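To start, the structure under review is shown below, and the notes come after it.
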Amino acid sequence: MDLAIDKILESDHREIDVILERLDEAFERGIVADIHFLTDYFWARLAMHIRAEHLHLFPAVLDAVGSKAGNAVSISRPTLAHAEEVLIILRSEHNFFMDELADVMKRLRRIVRLRDPVPAVGLPLIRTQIGRVVETLASHNAVEESEVYIWVEEMVSNAKKAKLKTEIARELKNIPPRFDSSNLQ
Ligand SMILES: [Fe+2]
Ligand SMILES: [Fe+2]
């Protein structure tokens, strides 16, 4: 199936949401190994998604919004100042997600290493920290889906879109080798 760029990225958002639902269940059951694995997987998948946006999508958006030629049929064309402002916020949220999750992983590795039988203090704090990421991610994804992804579809030329789609697809497949596909069922 040949999906458009906005649909590819939206479906990646949904797949990451499913990982978060599984992570929530792991916290409910309090199984440290599952919490550790699913947090690591969430972090990796979000990092891949962010790389696709940082390196490829956002520059293409700025290029299209800034170009005078533009696409005559665009009905959602933002001003360059608005697009820049939105992208600055989205980029800083990406940095927040990656910083927080790197910190969470450090704490989780410590719990796993200590084989703490009752990680009662650590886990609720970690869950709260992940909760803050998840909350911001929901509004972040909503802004991307209601604005940025639409700009891409409406304003980037078809030739550039084809290249952009290949670049994004490559990032979204670039999963770290530690994730064996057999672990991900
Ligand atoms: Fe994003
Ligand atoms: Fe996104």
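Every number here is computed from the coordinates shown, using simple stated rules; none is lab data. All figures in this text were calculated on a predicted structure; none of them were measured in a lab. Neighbour counts are summed over all protein chains in view; Cβ atoms, including those assigned to glycine, are modelled from backbone coordinates with ideal geometry.
Values as computed for the structure displayed
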| quantity | calculated |
| --- | --- |
| Global form of the chain, assessed from the alpha-carbon gyration tensor, a/c cut-off 1.5 | prolate |
| Glu153 paired with Lys106, simple spin-label distance in nm, labels 7 Å along Cα-to-beta-carbon | 4.0 |
| Value of [θ]222 nm, deg cm²/dmol, for the chain, DSSP H segments ≥ 4, -39500 (n - 2.57) each, nearest 500 | -25000 deg cm²/dmol |
| For the chain, with +1 on Lys and Arg beta carbons and -1 on Asp and Glu, the positive-most of Leu3, Leu123, Val152 along the dipole | Leu123 |
| Cβ charges +1 (Lys, Arg) and -1 (Asp, Glu), total dipole of segment 6-49, debye | 120 |
| Between segment 26-56 and segment 101-173, the Cα center-to-center distance that results, in Å | 7 |
| Net charge dipole size for the chain [Lys, Arg +1 and Asp, Glu -1 on Cβ; Debye, nearest 20] | 700 |
| Fully extended contour minus Cα-Cα distance, from Asn174 to Arg132, at 0.36 nm per residue | 12.5 nm |
| Listed residue (Leu90, Ala142, Leu114) projecting farthest to the positive dipole end of the chain, Cβ model | Leu114 |
